[in-house]
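As structure tokens, the structure follows; a few thoughts come after it.
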Amino acid sequence: MRTKISIDIIELESSNYHLILPSQFEGNKNAYWVIDTGASKSVFDKNLAGFILSEEGETEDLHAANMSEEPLKTSLGILNPLFFGKLKVDNMKVALLDMNHINELYQKVTDYKICGLLGSDFLLKYNAVIDYKRRMLKLSV
């Protein structure tokens with residue numbers, strides 16, 4: 001199955017671009033992700049507990065560039081089913097972090113409320129291809 005999803009390219013500062021991907025949780029609740037090709041693991045805002053199916057008590061070290069020199073301790077979670085275009089994703093594993101600081105940054109230039117960062121774990125699993133010219137993300141399984 002292949003799906004194409006329109007992305008939005010936001011310029012947060014001069015020549016500082018972020019790719020925004022819409023998704024939809026069951027029940028038609030929109031959620032917006034930043035595509036982060038440099039992140040090894042996808043991250044979700046732990047403040048959005050209504051979208052988290054389960055939280056694992058274990059913590060893991062998350063090495064986050066520009067957040068701190070030391071790895072961050074995070075809990076792991078599994079999200080409720082959600083859709084990226086026509087692609088349904090069940091049991092998506094994510095690191096759970098407080099993303100208030102990211103949303104404060106975004107509020108300065110856009111109305112998007114960011115729920116998470118899509119990292120290489122997701123992008124590789126779904127064979128993601130970013131088409132900058134057409135502002136599209138292609139996913140396939």
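A short reminder: the numbers here are calculations on the coordinates, not readings from a lab. These numbers were taken from a predicted model, which means no experiment stands behind them. Positions of Cβ are generated from backbone atoms using ideal geometry, with glycine treated the same way; all protein chains shown enter the neighbour counts.
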Compute the length gained on full extension between GLU56 and TYR132: take 0.36 nm times their separation in residues and subtract their Cα-Cα distance, giving the result in nm to one decimal.
23.8 nm
I want to check the label-to-label distance for LYS125 and ARG2. Put each point 7 Å from Cα in the C-beta direction and report it in nm to one decimal.
2.2
So between ALA49 and ILE9, what do we pick up on full extension, going 0.36 nm a residue minus the alpha carbon distance?
11.7 nm
My understanding is that a pair violates if its Cα-Cα distance is over 29 Å; which of LYS41/LYS113; LYS29/LYS138; LYS4/LYS73; LYS46/LYS138 do that in this structure?
LYS4/LYS73
I need SER14, SER6 ordered by Cβ neighbour count within 10 Å, fewest first.
SER14, SER6
Which FRET efficiency, nearest 0.05, do ASP111 and SER75 yield, Cβ-Cβ r, R0 30 Å?
0.55
